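**Q** I am attaching a structure below and will ask some questions about it afterwards.
The values are calculated or read from the model by the stated rules, or taken from the named source; none is laboratory data. What you see is a predicted model, and the numbers here were worked out from it, not measured in a lab. As a convention, Cβ positions derive from the backbone with ideal geometry for all residues, glycine included, and neighbour counts pool all protein chains shown. Only protein heavy atoms, including side chains, enter the accessible area calculation; ligands, DNA and RNA are left aside. Shrake-Rupley method; radii C 1.70, N 1.55, O 1.52, S 1.80 Å.
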Amino acid sequence: MLTDVTNATIRMVWIVMGSIVAVAMLLGFLVALLGITSPLGALVNVLQRMAKGEELEVVGADRKDEIGDTARAVTAIKHMIAEKAAVEAAEKADRDLKEAAAKAEREKIAAEEKAAADKRAEEERTAATAKVMAEFDAAVGGIAKAAMAGDFSQRIPLEGKEGGILHLAEAINAMSDNVVKVMDDLVEIGRAHV
């Protein structure tokens, strides 16, 4: 009988110990699942979403264990990345502003140079026109004075003239030739009647 009681006690001890080990393993599994795996999975999920550019709050930073340390490190990295992005954006905006100012300055200088070149070209055209007109006036004025004095032999020199000035000079010369011919005809008619 003592053997039956001893065997039953041993069996009972094994059952109780097996149950305690099973409960301990179950509790260990639940602690690992809920206390380590799930928070780490959530942290990895947050990191993956942050990598895609989403703005998220890091979970678990209030914990006092390694998971909390990791979450706080991730939060610090998140803030560092945000600060770096802000600095880079400010630097880019500054570069863009400087480039725009330099472009505006180049365009201003180009406009000033073009205006100066246009002014010089206009001054040159005005001077050339004035010179041609002075030469023409001198030639035509000389012919007119000579004609008033009775000398119809004067002509405008055609060398160096072109375009409208050349045509006008040719017409005045032709007119002078016609006046000379008319005067010659009148002189001959006058001689014939005398």
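**Q** Please go through (1) in a helix (DSSP H, G or I); (2) open to solvent by 80 Å² or more (accessible area, probe 1.4 Å) for ARG155 and return the number of the only condition it doesn't satisfy.
**A** (1)
**Q** When only residues in the range 9-37 that are open to solvent by 60 Å² or more (accessible area, probe 1.4 Å) and modelled with pLDDT under 80 count, which is farthest from the chain's Cα centre (by Cα)?
**A** VAL31
**Q** List, please: which pairs have Cβ atoms under 8 Å, are six or more places apart or on different chains, and start with a residue in the range 168-194 that is surrounded by 11 or more Cβ atoms within 10 Å (Cβ to Cβ) and end with one that is assigned to a helix (DSSP H, G or I)?
**A** Between residues of the range 168-194 that are surrounded by 11 or more Cβ atoms within 10 Å (Cβ to Cβ) and residues that are assigned to a helix (DSSP H, G or I), the close pairs are LEU168/PHE136; ALA169/PHE136; ALA169/ALA139; ILE172/VAL140; ILE172/ILE143; SER176/ILE143; SER176/ALA147; VAL179/ALA147.
**Q** Considering only the range 120-132, state which residues are open to solvent by less than 100 Å² (accessible area, probe 1.4 Å) and either under 16 Å from ILE156 (Cβ atoms) or modelled with pLDDT under 80 (or both).
**A** Matches in the range 120-132: VAL132 only.
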